[in-house]
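Here's the structure we're looking at; comments come further down.
The values are calculated or read from the model by the stated rules, or taken from the named source; none is laboratory data. None of these values were measured; they are calculated from a predicted model. As a convention, Cβ positions derive from the backbone with ideal geometry for all residues, glycine included, and neighbour counts pool all protein chains shown.
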Amino acid sequence: MPFRPFFCAIVSFSLTCTLAMHIKRSSSCQSFSSTFPVSSVSSRSSSDDVPTSPFVAISPEGSYRAGNDGLELFLQRPDGHITTRGGANDKVADGATINSTFTLLYGKVTYEVLSPLVAGVVTAVILIADEHDEIDVELLGGDPSHWQTNVFAPSPEDKQPLWGVFSSIEDVPAAKSPDASINDFHKYSIDWSADRIVWGVDGKSVRTISREQTRKNGTLHYPSHPARVQLGIWDASTPVGTAEWAKGPIEWDKAPKMMTAIIRSVEVECPNF
Ligand SMILES: *[C@@H]1O[C@H](CO)[C@@H](O)[C@H](O)[C@H]1NC(C)=O
Ligand SMILES: *[C@@H]1O[C@H](CO)[C@@H](O)[C@H](O)[C@H]1NC(C)=O
């Protein structure tokens, strides 16, 4: 019976193959989308050891609100007197930060976001790994007609973090109106594969960086660890270099006491294996 072993080999090969593909797919990327109903975000203090919600808040419960047609992220003025000296503030506001409880290793994430227009405030929708790999979309409240992209993965050879090295500034598309800004909803996307990252806005690709282009000083700085979706708003009013980048520090005598970024939706699309 020469046929049988051959047949078994085929069957077992294809079974193993199917199983391996299935495991790879489900552990590295699950397609997902949310418009942030109340139950989508649990507070970190909630008693579940492993939250069953897709998102968990890192910041206190009052720092965000889900369920009102999106996720509102708040940044609140610090208490007391705030002094600005040498281009930085002596107090920094706490802003909301939300993590996904799932991770993905490669896939496309689309964030629909509106940012407040206050200089010194940064709205960040990113992918971040425990190993500190990051792929970023950042909206600077002081630069309404642009958005920034960045990628960062530390190498043991680095003397210092290469925060600014792979960043880039993009235009907010003016298709809808000539004064389009980050204060309108736009869809920002990060399409991440093993060999390149493509950033896009409103369905149009605007920047690609290849794995090889992240080589600096002989080592690669390409994100390659499972990453969480992280959504946040933060006060970039110190130190001076950060405040300068963000066109801050925040001028609290003019700025509202509370600022809000809104994430209307997040979608994860998985690569086709
Ligand atoms: C949020 O994500 C960061 C980056 O991966 C991680 O260091 C942190 O532990 C996460 N926190 C929670 C509560 O998930
Ligand atoms: C460049 O890499 C070498 C090791 O290959 C390391 O000793 C050196 O500190 C690195 N330089 C910088 C600027 O990171």
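Among the residues here, Ser145 qualifies as surrounded by fewer than 20 Cβ atoms within 10 Å (Cβ to Cβ), assigned by TED's automatic domain parsing to the domain that holds Tyr106 and without any contact (Cβ under 8 Å) to a residue 60 or more places away in the chain.
Restricting the search to strands (runs of 3 or more DSSP E) fully inside the range 49-98 and requiring at least 1 residues that are crowded, with 20+ Cβ neighbours inside 10 Å, in the same structural domain as Ser115 (by TED's automatic domain parsing) and touching a residue at least 40 places away in the same chain (Cβ under 8 Å) gives 55-57, 71-76. Residue selection: Thr149 fails the criterion of being of a type in the set (S, T, N, Q), touching a Phe, Trp or Tyr at 6+ places or on another chain (Cβ under 8 Å) and within 16 Å of ligand 2 (Cβ to nearest atom).
Considering only the range 106-114, I want to know if a residue exists there that is polar (S, T, N, Q), away from ligand 1 (no atom under 16 Å from the Cβ) and modelled with pLDDT under 95. Scanning the range 106-114, I find no residue that is polar (S, T, N, Q), away from ligand 1 (no atom under 16 Å from the Cβ) and modelled with pLDDT under 95, so the answer is no.
Against the condition in a loop (DSSP other than H, G, I, E, B) and closer than 28 Å to Pro154 by Cα, how does Val122 come out, does it pass? Answer is no for this residue. Only one entry of Gly200, Gly248 meets the criterion of being assigned to a strand (DSSP E or B) and either more than 16 Å from ligand 1 (Cβ to nearest atom) or touching a strand residue (DSSP E or B) at 6+ places or on another chain (Cβ under 7 Å) (or both), and that entry is Gly200.
Conditions (1) surrounded by fewer than 20 Cβ atoms within 10 Å (Cβ to Cβ); (2) closer than 30 Å to Ile82 by Cα; (3) in the same structural domain as Tyr64 (by TED's automatic domain parsing); (4) in contact (Cβ under 8 Å) with a residue 12 or more places away in the chain, marked per residue:
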| residue | (1), (2), (3), (4) |
| --- | --- |
| Ser181 | yes, yes, yes, yes |
| Thr214 | no, no, yes, yes |
| Val229 | no, no, yes, yes |
| Gly232 | no, yes, yes, yes |
| Met258 | yes, yes, yes, yes |
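When restricted to residues that are of a type in the set (A, V, I, L, M, F, W, C), away from ligand 1 (no atom under 16 Å from the Cβ) and part of a strand (DSSP E or B), the range 138-163 contains 3. Kindly evaluate Trp192 against the criterion of being within 16 Å of ligand 1 (Cβ to nearest atom), closer than 24 Å to Tyr106 by Cβ and surrounded by 11 or more Cβ atoms within 10 Å (Cβ to Cβ). Here the answer is yes, as Trp192 does meet what is asked.
Taking the criterion of being hydroxyl-bearing (Ser, Thr, Tyr), away from ligand 2 (no atom under 16 Å from the Cβ), part of a strand (DSSP E or B) and in contact with a strand residue (DSSP E or B) (Cβ under 9 Å, 6 or more places away or on another chain), would at least one residue in the range 184-191 satisfy it?
First pass over the range 184-191, keeping only residues hydroxyl-bearing (Ser, Thr, Tyr): 188-189.
Among the residues that remain, those that are also away from ligand 2 (no atom under 16 Å from the Cβ) are: 188-189.
Remaining after also requiring part of a strand (DSSP E or B): 188-189.
Checking which are in contact with a strand residue (DSSP E or B) (Cβ under 9 Å, 6 or more places away or on another chain) leaves us with 188-189.
Within the range 184-191, one or more residues are hydroxyl-bearing (Ser, Thr, Tyr), away from ligand 2 (no atom under 16 Å from the Cβ), part of a strand (DSSP E or B) and in contact with a strand residue (DSSP E or B) (Cβ under 9 Å, 6 or more places away or on another chain).
In the condition set (1) in a strand (DSSP E or B); (2) farther than 20 Å from Asp133 by Cα; (3) not basic (Lys, Arg), Ser177 is compliant with all but (1). For the structure I just gave you, tell me whether Pro116 is within 16 Å of ligand 2 (Cβ to nearest atom) and either more than 20 Å from Ile209 (Cα to Cα) or out of contact with any Asp or Glu (no Cβ under 6 Å at 6 or more places or on another chain) (or both). No: the conditions fail for Pro116.
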